[in-house]
């Protein structure tokens, strides 16, 4: 109310609070729409797949920047493979035949001996992407509403310091200097933070 957090209506009832942190990754646009907050975040599918188990032969993760693919072998012998973001916006976790055909072609360019290996499972996740590939962290124009989003394809590695930084932001109602460059207002101020090189696959 009046551009200020007063509570949250949930499926199990109303919770009165004057502070809310949104950290919901691919569902960020949906939550921000509920509070009438505009962000530049778009959702793009990120797909992956695994093969049937094989005898161990790969003990590193291999990444091709030119083919935009990666592959590693799990402890169960499965090859875990993925590629770049799909080049369109879509709020869905459905995987596609186009993805697995393209990925298989590139993997076979690298390892022709895998031609008879079966893919047994594939899936997609919803990656929350910003124009500069950097997250949005900190306060928003809505009093008491904090945002930690836009981590895209590499957020899990930063989870510990992200949680600590957002806890400090909420406790003091001020973002630490460490995350100042990730503020939402940077897009209006034309002070983008280029983080595209942070991902091992050039998205």
Exposure proxy check on 93, 51: fewest-to-most Cβ neighbours within 10 Å is 93, 51
Nearest 10 degrees is fine. How inclined is helix 159-172 to the longest principal axis of the chain, computing both from alpha carbons? 0 degrees
Among 147, 97, what is the fewest-to-most ranking by other Cβ atoms within 10 Å? 97, 147
For residue 35 and residue 156, calculate 0.36 nm times their separation in residues minus their Cα-Cα distance, and state this gained length in nm to one decimal. 41.0 nm
Which FRET efficiency value, to the nearest 0.05, is calculated for residue 74 and residue 24 with the Förster distance at 30 angstrom and r the Cβ-Cβ distance? 0.60
I'd like the FRET efficiency for residue 174 and residue 98, computed as 1/(1 + (r/R0)^6) with the beta carbon distance as r and R0 of 45 Å, rounded to 0.05. 0.45
Quick one: grab the alpha carbon gyration tensor of the stretch 124-181, order the square roots of its eigenvalues as a ≥ b ≥ c, and give me rounded if a/c is under 1.5, else prolate or oblate depending on whether a/b is larger than b/c. prolate
Just rank 60, 91, fewest to most, by other beta-carbon atoms within 10 angstrom. 60, 91
Compute the distance in nm between two label points, each set 7 Å from the Cα along the Cα-to-Cβ direction, one at residue 54 and one at residue 88. 3.1 nm
Cα-Cα pairs in the stretch 95-159 separated by more than 14 Å, as a whole percent of all pairs, come to 71 percent
Extended-chain gain in nm, criterion 0.36 nm per residue less alpha-carbon gap, residue 115 and residue 62: 17.3 nm
Output for the chain (equivalent-ellipsoid semi-axes, sqrt of 5λ from the C-alpha gyration tensor, Å, descending) is 38, 18, 15
Hey, what angle do you get for helix 97-110 against the long axis of the chain, alpha-carbon based, 0 to 90 degrees rounded to 10? 60 degrees
If you build the Cα gyration tensor of the stretch 45-137 and take the root of 5 times each eigenvalue, what three semi-axes come out, in whole angstrom, biggest first? 25, 14, 13
Could you tell me, in Å, what Rg and Dmax come out for the Cα atoms of the stretch 1-105? 20.1, 62
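Rule-based calculations on the coordinates, nothing more; no lab input. Just so we're clear, the structure is a prediction, and the values are computed from it rather than from any experiment. In this analysis, Cβ positions are derived from the backbone assuming ideal geometry, glycine residues included, and neighbour counts consider all displayed protein chains.
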